[in-house]
Amino acid sequence: MSHNTLRSAVRGRVLLPGDAAFEAARTPWNLTVDQPVAAVVHAEDADDMAAVVRYARDAGLSVTAQPNGHGASGDTAGAILVRTRRLDRVEVDPLTRRARVGAGANWGELQAAAAQYGLTGLAGSSPVVSVVGYTLGGGLSWFGRAFGWAADSVRAFDIVDADGQRARVTAESDPELFWALCGGGGDFALVTAMEFELYAAPALFGGTVAWPAARTEAVRDAFLDITAQAPPELTVWLNRLQLPQMPPMVTIAAAYLGEPDRGRELLHRLDTIDGTLADTRRELSPAEVGAIVPEPTDPAPGLLRTELLTTLDATATEILLHAPIDPLFGVQLRHLGGALAAPTRGATPAFTETYAVALQAIGSDPDAITAAHATQKRIIADLGARITGHKPYTLLSPGDTPAAVFDAATLTRLRTLKRSRDPRGVFRANFPILG
């Protein structure tokens, strides 16, 4: 079957190797990831997505879907890349506190719509990440300590199956597929839209406080004190930063889903540390969660390695907050716990570790990439048994596999479903379940 057949099957634009816009179209948001694909389709709607699946099935190809590719792994050789950004419809029902979003909608768009009614979804830190892709991998939110993983809030998926047929999947209509899609990744169907619960957000307080690196020990102690007593509505991150052409810093970022006065009270320990360089804490709209931590919204050559950490003891403090980390630009510690450690309704595991630690670098050239990977590997080795090797699906990095996410029984269940529902391997997630 020729690619001309693909062009005639869909309304959206089809780009092939050699086309002028192909290289840009196949490039994911993370510019360090090379993403080889057989074709790129800018889908206009769910019918286009179904047509691509049927074409791929008949041609012996696979399909991977991305709005922009935040979680790209590069495992796409021979695949048709479906760009879903045009499926960006967002609907909010304030009476039922539910939202419906297309596969290309991002968190900024959803949060803006929900905030009009004093509601929030379980958004992550970036407004440009897609709601569907994030949720298929579990979804670690600023509000997850209070409400759990984003995948547990889903009530329905609109999908295309491996035969190219559209269907609506709920816990009642197809319990096994619904379970897998709630945190098991995108290896089982092509999701065209999703419906999920929203939560009351009458007030939100958050922002970032920064100090010079000389205050690291005091900031670390405050972080431990605050998180030891934090209610589920409060999430706090500790960041070590050594950005180019700037002095080293340490920061605390926080989000409190509640009244600002109570948020300030819970974070009052930060006000006792002198030498503050900046303090952006204020009352926020749920539409402003992306302002809590200033993250890049344009594509960038990021090198991120995330692991889960059991304790921030004296040794871990020395390794992560004081010892040299060049060429990394940052170490981030996210406080977990609360509802994130509770059993879930879907494939997302419960994570009982106390922190997620992210080791951040810029991969500006091959030498920088090699050096950053070596430093990340050394730090993880130095932390030893404090690192569990267990991590959420959405925090996997290139080179990881789903075996780091799921226990043996869950992995077997997911693989059995994959072989049953997609025996030809039409769907390819960023981190394939059979990989």
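So the values come out like this:
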{"quantity": "Residue selected from region 209-230 under the condition in contact with a helix residue (DSSP H, G or I) (Cβ under 9 Å, 6 or more places away or on another chain) and of a type outside the set (A, V, I, L, M, F, W, C), by the criterion surrounded by the fewest Cβ atoms within 10 Å (Cβ to Cβ)", "calculated": "Gln229"}
{"quantity": "From Ile387, Ile380, Ile369, residue being assigned by TED's automatic domain parsing to the domain that holds Ala316 and in contact with a Gly (Cβ under 7 Å, 6 or more places away or on another chain)", "calculated": "Ile369"}
{"quantity": "Residues of region 225-243 satisfying the condition of being of a type in the set (A, V, I, L, M) and in contact with a strand residue (DSSP E or B) (Cβ under 9 Å, 6 or more places away or on another chain)", "calculated": "Ile226, Ala230, Leu234, Val236, Leu238, Leu241, Leu243"}
{"quantity": "Given (1) assigned to a loop (DSSP other than H, G, I, E, B); (2) touching a strand residue (DSSP E or B) at 6+ places or on another chain (Cβ under 6 Å), number of the condition Glu91 does not satisfy", "calculated": "(1)"}
{"quantity": "The listed residue being part of a helix (DSSP H, G or I), closer than 24 Å to Leu340 by Cβ, under 18 Å from the mean Cα position of the chain (by Cα) and not assigned by TED's automatic domain parsing to the domain that holds Leu234, out of Gly133, Gly138, Gly124", "calculated": "Gly133"}
{"quantity": "Region 106-118 residues that are crowded, with 19+ Cβ neighbours inside 10 Å, paired with ones that are assigned to a loop (DSSP other than H, G, I, E, B) and among the acidic types (Asp, Glu) (beta carbon under 8 Å, 6 or more apart)", "calculated": "Asn106/Asp88; Glu109/Asp88"}
{"quantity": "Scan of region 1-51 for residues that are without any contact (Cβ under 8 Å) to a residue 40 or more places away in the chain, under 15 Å from Ala79 (Cα atoms) and of a type in the set (A, V, I, L, M), ordered by number", "calculated": "Val14, Leu15, Leu16"}
{"quantity": "Residue among Phe188, Phe196, Phe178 that is part of a strand (DSSP E or B) and under 20 Å from the mean Cα position of the chain (by Cα)", "calculated": "Phe196"}
{"quantity": "Selection count where residues are in a loop (DSSP other than H, G, I, E, B) and at pLDDT 90 or above, scope region 1-17", "calculated": "5"}
{"quantity": "Any hit, region 58-73, residues being surrounded by fewer than 19 Cβ atoms within 10 Å (Cβ to Cβ), touching a residue at least 40 places away in the same chain (Cβ under 8 Å) and assigned to a helix (DSSP H, G or I)", "calculated": "yes"}
{"quantity": "In region 238-250, the residues that are surrounded by fewer than 23 Cβ atoms within 10 Å (Cβ to Cβ) and closer than 17 Å to Ile273 by Cβ", "calculated": "Asn239, Leu241, Pro247, Pro248, Met249"}
{"quantity": "Yes/no for Arg269 being of a type in the set (Lys, Arg), out of contact with any Lys or Arg (no Cβ under 8 Å at 6 or more places or on another chain), part of a helix (DSSP H, G or I) and within 30 Å of Glu109 (Cβ to Cβ)", "calculated": "no"}
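Residues checked against (1) buried (at least 20 other Cβ atoms within 10 Å of the Cβ); (2) under 29 Å from Leu122 (Cβ atoms); (3) among the acidic types (Asp, Glu); (4) in contact with a His (Cβ under 8 Å, 6 or more places away or on another chain):
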position: Thr317; (1), (2), (3), (4): no, no, no, no
position: Ala341; (1), (2), (3), (4): no, yes, no, no
position: Ala350; (1), (2), (3), (4): no, yes, no, no
position: Glu353; (1), (2), (3), (4): yes, yes, yes, yes
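Matching residues to (1) closer than 27 Å to Thr352 by Cβ; (2) in contact with a Lys or Arg (Cβ under 9 Å, 6 or more places away or on another chain); (3) not in a helix (DSSP H, G or I):
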position: Ala214; (1), (2), (3): no, no, no
position: Asp225; (1), (2), (3): yes, yes, no
position: Leu238; (1), (2), (3): yes, yes, yes
position: Pro247; (1), (2), (3): no, no, yes
position: Ala255; (1), (2), (3): yes, no, yes
position: Gly275; (1), (2), (3): no, yes, yes
position: Val293; (1), (2), (3): yes, no, yes
position: Thr306; (1), (2), (3): yes, yes, yes
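The values are calculated or read from the model by the stated rules, or taken from the named source; none is laboratory data. Because the structure is predicted, anything quoted here is derived from the model rather than measured. Heads up, the Cβs are rebuilt from the backbone with ideal geometry, glycines too, and the neighbour counts pull from every protein chain shown.
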